[in-house]
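> Have a look at the structure that comes next, please.
The values are calculated or read from the model by the stated rules, or taken from the named source; none is laboratory data. Keep in mind the model is a prediction, meaning the values are calculated, not measured. Note that each Cβ is placed from the backbone with ideal geometry, even for glycine, and that neighbours are counted across all protein chains shown. To get the accessible areas, we keep the full protein, side chains included, count just its heavy atoms, and leave off ligands, DNA and RNA. Shrake-Rupley method; radii C 1.70, N 1.55, O 1.52, S 1.80 Å.
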Amino acid sequence: METLTAGYLSAIALGAVFGFQGSVSPGPLQTVIISESLTHGVRSSWRAATISLISDPIALVIAVCFVANVPNVLLAAIAFLGAAILCKIAWTQFKTNDKDFDFQSKPRLSLLTIWLTNILNPNLWVFSFTINAFQINHFYEKFGVMVAATYLVTFFVAICSCNLTTALIVSGSKRFFNVRWLVAINRTLAVFLLLVALRFVYLGLDYLDVFRDFVQIDMEAARFLCFSTI
């Protein structure tokens, strides 16, 4: 029971963090959300804030189907690649500055344009294959479908809630909005992403049974010492 509880808590924590990270990171969707909020208000920007609900699942389904049917060696490789990507994201967020959030007034975008902006973003596909799909598969294998679903629901609630919050803040305080807040958040979040990257390395080694091999080596060494002292 404690293990299952720990699984739910881990799923909620990681889903919230990755959703938050996806929301505040500079990119095409973040640009659209703030640009629409500054120019047209929440009546327009809410569409961009919730577009992940109809774009991300496409990438996730493809990614999860792929990850669920590969051997442990490839899962380990995906975990290591995910760790490398998290480190790259963290490094990018450490270097984030005001110029990364260059928002300009534009005509009101159509829902199709917003959807295409997100679905054609390479970062969405890379993150889905190397981070989200791997994490969903891990929770499913270790704790079951409900924990994996909890992670997924938390991720979407977090990313949409944070996007909507950004839209509301920007729309309600256009004159006082300061992108330095986003810069500070990104740099703080980078530290946590490095810690998560270390976790991915651990999971990759676990898929390669490295720790089991170490245990076996320790047990063999203990037997050898035991017999040598008799």
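> Every residue in region 1-20 that is under 11 Å from the mean Cα position of the chain (by Cα), open to solvent by 10 Å² or more (accessible area, probe 1.4 Å) and not aliphatic (A, V, I, L, M), please.
The answer is PHE20, and nothing else.
> Separate question: Which residue pairs have Cβ atoms under 6 Å apart, sit 6 or more places apart or on different chains, and have a first residue in region 1-27 that is within 15 Å of PHE155 (Cα to Cα) and in contact (Cβ under 8 Å) with a residue 24 or more places away in the chain and a second that is of a type in the set (Ser, Thr, Tyr) and part of a helix (DSSP H, G or I)?
Going by the 6 Å Cβ cut-off, the qualifying pairs are TYR8/THR150; ALA11/THR150; ALA11/TYR151; ILE12/THR154; GLY15/TYR151; GLY15/THR154; ALA16/THR154.
> Okay, moving on. What's the total number of residues in region 27-48 that are more than 17 Å from LEU116 (Cα to Cα), open to solvent by 20 Å² or more (accessible area, probe 1.4 Å) and either of a type outside the set (A, V, I, L, M, F, W, C) or modelled with pLDDT of 80 or more (or both)?
Residues in region 27-48 being more than 17 Å from LEU116 (Cα to Cα), open to solvent by 20 Å² or more (accessible area, probe 1.4 Å) and either of a type outside the set (A, V, I, L, M, F, W, C) or modelled with pLDDT of 80 or more (or both): 4 in total.
> May I ask you to list the residues in region 116-143 that are in contact with a helix residue (DSSP H, G or I) (Cβ under 8 Å, 6 or more places away or on another chain) and closer than 17 Å to ILE12 by Cα?
Taking region 116-143 and keeping what is in contact with a helix residue (DSSP H, G or I) (Cβ under 8 Å, 6 or more places away or on another chain), we get 117-119, 121, 124-140, 142-143.
Those that are in contact with a helix residue (DSSP H, G or I) (Cβ under 8 Å, 6 or more places away or on another chain) and closer than 17 Å to ILE12 by Cα: ILE131, ASN132, ALA133, PHE134, GLN135, ILE136, ASN137, HIS138, PHE139, TYR140, LYS142, PHE143.
> Given the residues LEU74, LEU116, LEU152, LEU109, which is the only one that is open to solvent by 60 Å² or more (accessible area, probe 1.4 Å) and under 25 Å from THR50 (Cβ atoms)? Show your work before the answer.
Values: LEU74 fails: under 25 Å from THR50 (Cβ atoms); LEU152 fails: open to solvent by 60 Å² or more (accessible area, probe 1.4 Å); LEU109 fails: open to solvent by 60 Å² or more (accessible area, probe 1.4 Å).
LEU116 is the lone residue from the list that is open to solvent by 60 Å² or more (accessible area, probe 1.4 Å) and under 25 Å from THR50 (Cβ atoms).
> Which one of these is touching a Ser or Thr at 6+ places or on another chain (Cβ under 8 Å) and surrounded by 19 or more Cβ atoms within 10 Å (Cβ to Cβ): VAL170, VAL196? Before the answer, list the steps.
Working: VAL196 fails: touching a Ser or Thr at 6+ places or on another chain (Cβ under 8 Å).
Of VAL170, VAL196, the one residue that is touching a Ser or Thr at 6+ places or on another chain (Cβ under 8 Å) and surrounded by 19 or more Cβ atoms within 10 Å (Cβ to Cβ) is VAL170.
> Also, I was wondering about something else. Residues of region 59-71 being surrounded by fewer than 14 Cβ atoms within 10 Å (Cβ to Cβ) and either in contact with a strand residue (DSSP E or B) (Cβ under 9 Å, 6 or more places away or on another chain) or closer than 12 Å to SER128 by Cα (or both), which ones? Please lay out each step first, then the result.
Going through region 59-71, the residues surrounded by fewer than 14 Cβ atoms within 10 Å (Cβ to Cβ) turn out to be 61, 65, 68-71.
Matches in region 59-71: VAL61, CYS65.
> Moving to a separate point now. Hey, could you check region 93-106 for residues that are open to solvent by 90 Å² or more (accessible area, probe 1.4 Å) and under 12 Å from PRO26 (Cα atoms) and say which is modelled with the lowest pLDDT? Break it down stepwise before answering.
Here is the first cut: in region 93-106, the ones open to solvent by 90 Å² or more (accessible area, probe 1.4 Å) are 95, 99, 102, 104-106.
After this cut, where a residue has to be under 12 Å from PRO26 (Cα atoms) as well, the list is 95, 99, 102.
Values: LYS95: 81, LYS99: 71, ASP102: 61.
So the residue we want is ASP102.
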